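The values are calculated or read from the model by the stated rules, or taken from the named source; none is laboratory data. The structure presented is a predicted model; accordingly, all values stated were derived computationally and were not measured. Heads up, the Cβs are rebuilt from the backbone with ideal geometry, glycines too, and the neighbour counts pull from every protein chain shown.
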Amino acid sequence: MNGAGDGEKDSGSGDAGGSGDAGGSGDAGGSGDAGKKTSSKSKKVAVPGLAGVLGVVRDVVISAGIVVLILVSLYAYTSVWPPMVVIESNSMMHANDSQIDVIDTGDLTLVKSIKDRHDVVTYAEATCATNPHHGFKTYGDFGNVIIYRKNGLAEIPVIHRAIAWIEYNASASNPPYRYAGNVPDIGIFNVTEFTLTKVGYQQQNIRINLDNIFRSSAASTSRAPHSGFVTHGDHNPPQVDQESLRVRQGSMVEPVKVGWVVGRAEGELPWFGLFKLWISGHNPSVFPESSKNGLVITVFLLIAVPVSTDLAVSIYKKRKDKRAAVPKKVQKRVLKKE
């Protein structure tokens with residue numbers, strides 16, 4: 001407080017020159033030479049704008065340090081880089097508008113690495129009454145959501161729900177006429193197809209044709225039938241990806257091997273991914289209305305709250321300094337009037 005007060009006096013005497021208020025105060029009002037010396041000394045020491053520049057640099061360094069700390073912490077937890085992904089499509093939405101705790105267009109999710117298939121709880125497991133994971137839910141439905149690369153290729157990853165882990169059963173198959181498999185987590189063996197009823201918020205019956213899936217794998221990228229996850233987007237028609245999606249070269253998407261899984265989706269930061277989608281050329285008209293409104297409100301609050309707080313603190317400090325500069329007798333009078 002004292003430093004601030006002295007600074008105000010020095011700059012006041014320099015700018016005002018021979019004004020009555022500056023010239024008549026205590027020691028500073030001695031001889032004209034002394035005033036000139038003091039003024040000259042002040043001009044040599046003071047660097048206009050330096051404090052403001054240093055303040056900005058300090059704020060930038062602190063902000064950058066916080067961002068780096070957050071990113072390092074996220075990487076330490078997820079073991080995946082980048083540790084978050086932006087949702088580009090509406091395939092996981094549960095309605096035509098966005099909802100909290102559901103993966104919507106423009107949301108950000110963490111990507112947690114997995115070591116083996118047992119790090120992922122499938123829809124089939126979570127809905128099987130005899131399975132230890134019965135009742136497990138994420139993002140408004142049963143089972144985990146995974147991020148995977150189609151057939152292990154360098155294409156944009158897909159984020160869909162893991163429906164079941166299927167295993168190719170060579171002894172029960174007769175290629176190329178019959179391909180059979182198992183769904184060991186729910187006790188199904190030696191079958192060419194099975195059906196899950198009332199799946200997801202749309203309550204769809206999803207028929208999973210193992211014969212077609214393994215047959216496609218034999219003719220696709222891997223050139224051989226193999227085990228893996230079958231996946232499905234919550235908002236999509238009642239067909240798993242392995243019977244409906246294709247890679248760029250035209251082959252069907254195969255059962256997802258563990259090595260093709262980028263990670264397991266965890267958490268949700270709604271709306272903020274819309275920035276990235278907008279910058280990368282996506283049409284804003286397809287963004288969910290609630291997400292756009294939520295983003296605008298959030299950004300406004302993130303700007304308005306700190307600015308208003310800083311303004312309030314600044315006003316408080318100025319009033320406090322002003323009162324400290326008033327002589328005690330005058331201050332008492334002011335307090336009585338108030």
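The numbered conditions (1) within 30 Å of A154 (Cβ to Cβ); (2) modelled with pLDDT of 90 or more are all true for S290 except (1).
In segment 166-190, what count of residues is obtained for those that are of a type in the set (A, V, I, L, M), in a strand (DSSP E or B) and either more than 27 Å from G233 (Cβ to Cβ) or in contact (Cβ under 8 Å) with a residue 24 or more places away in the chain (or both)? Working first, answer last.
Initially, segment 166-190 is screened for residues of a type in the set (A, V, I, L, M), giving 166, 170, 172, 180, 183, 186, 188.
Filter again for in a strand (DSSP E or B), leaving 166, 183, 188.
Narrowing further to those that are either more than 27 Å from G233 (Cβ to Cβ) or in contact (Cβ under 8 Å) with a residue 24 or more places away in the chain (or both): 166, 183.
Final tally of qualifying residues: 2.
Report whether or not L295 is closer than 30 Å to Q202 by Cβ, touching a helix residue (DSSP H, G or I) at 6+ places or on another chain (Cβ under 7 Å) and part of a helix (DSSP H, G or I). Yes.
Matching residues to (1) touching a Leu at 6+ places or on another chain (Cβ under 7 Å); (2) surrounded by 18 or more Cβ atoms within 10 Å (Cβ to Cβ); (3) within 28 Å of L74 (Cα to Cα):
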{"site": "K112", "(1), (2), (3)": "no, yes, yes"}
{"site": "D116", "(1), (2), (3)": "no, no, yes"}
{"site": "V121", "(1), (2), (3)": "no, yes, yes"}
{"site": "E125", "(1), (2), (3)": "no, yes, no"}
{"site": "T130", "(1), (2), (3)": "no, no, no"}
{"site": "H134", "(1), (2), (3)": "no, no, no"}
{"site": "T138", "(1), (2), (3)": "no, yes, yes"}
{"site": "D141", "(1), (2), (3)": "no, yes, yes"}
{"site": "I147", "(1), (2), (3)": "no, yes, yes"}
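Of all residues in segment 269-281, those that are in contact (Cβ under 8 Å) with a residue 60 or more places away in the chain and either of a type in the set (V, I, T) or surrounded by fewer than 17 Cβ atoms within 10 Å (Cβ to Cβ) (or both) total 2. Filter segment 246-286 down to residues that are among the hydrophobic types (A, V, I, L, M, F, W, C) and over 27 Å from the mean Cα position of the chain (by Cα) and give me whichever is farthest from A224 (Cα to Cα). Per the stated criteria, the residue is V247.
One residue stands out in segment 199-222 among those that are surrounded by fewer than 16 Cβ atoms within 10 Å (Cβ to Cβ) and more than 34 Å from the chain's Cα centre (by Cα): the one that is farthest from L153 (Cα to Cα), namely R207.
Taken over segment 215-255, the criterion of being more than 22 Å from A170 (Cβ to Cβ) and not in a loop (DSSP other than H, G, I, E, B) is satisfied by T231, H232, D241, R246.
Does D97 fit the bill of being touching a strand residue (DSSP E or B) at 6+ places or on another chain (Cβ under 9 Å), assigned to a loop (DSSP other than H, G, I, E, B) and either at pLDDT below 95 or not acidic (D, E) (or both)?
Details: touching a strand residue (DSSP E or B) at 6+ places or on another chain (Cβ under 9 Å): no; assigned to a loop (DSSP other than H, G, I, E, B): yes; either at pLDDT below 95 or not acidic (D, E) (or both): yes.
For D97, the condition - touching a strand residue (DSSP E or B) at 6+ places or on another chain (Cβ under 9 Å), assigned to a loop (DSSP other than H, G, I, E, B) and either at pLDDT below 95 or not acidic (D, E) (or both) - is not met.
Identify the single condition in (1) under 23 Å from G259 (Cα atoms); (2) part of a loop (DSSP other than H, G, I, E, B) that N212 does not satisfy, given that it satisfies every other one. All conditions are met except number (2).
Could you identify the single residue in V72, V56, V102, V67 that is outside any helix (DSSP H, G or I) and either surrounded by 17 or more Cβ atoms within 10 Å (Cβ to Cβ) or of a type in the set (A, V, I, L, M) (or both)?
On the way: V72 fails: outside any helix (DSSP H, G or I); V56 fails: outside any helix (DSSP H, G or I); V67 fails: outside any helix (DSSP H, G or I).
Sole residue among the options that is outside any helix (DSSP H, G or I) and either surrounded by 17 or more Cβ atoms within 10 Å (Cβ to Cβ) or of a type in the set (A, V, I, L, M) (or both): V102.
Go through segment 113-151 and give me each residue that's β-branched (V, I, T) and either in a strand (DSSP E or B) or under 13 Å from V199 (Cα atoms) (or both). Answer for segment 113-151, where residues must be β-branched (V, I, T) and either in a strand (DSSP E or B) or under 13 Å from V199 (Cα atoms) (or both): T122, T127, T138, V145, I146, I147. The listed residues are E193, E243, E254, and the only one of them that is without any contact (Cβ under 8 Å) to a residue 40 or more places away in the chain, buried (at least 17 other Cβ atoms within 10 Å of the Cβ), acidic (D, E) and more than 17 Å from M92 (Cβ to Cβ) turns out to be E243.
Residue pairs whose Cβ atoms lie under 6 Å apart, sitting 6 or more positions apart in sequence or on different chains, and linking a residue in segment 90-116 that is closer than 13 Å to I146 by Cβ to a partner that is buried (at least 19 other Cβ atoms within 10 Å of the Cβ) and among the acidic types (D, E), are M92/D234. The one condition from (1) of a type in the set (A, V, I, L, M, F, W, C); (2) at pLDDT below 95; (3) exposed (fewer than 15 other Cβ atoms within 10 Å of the Cβ); (4) not in a loop (DSSP other than H, G, I, E, B) that A154 does not meet is (4). Within segment 104-151, the only residue that satisfies the criterion of being on the phi > 0 side of the Ramachandran plot and touching a His at 6+ places or on another chain (Cβ under 7 Å) is G140.
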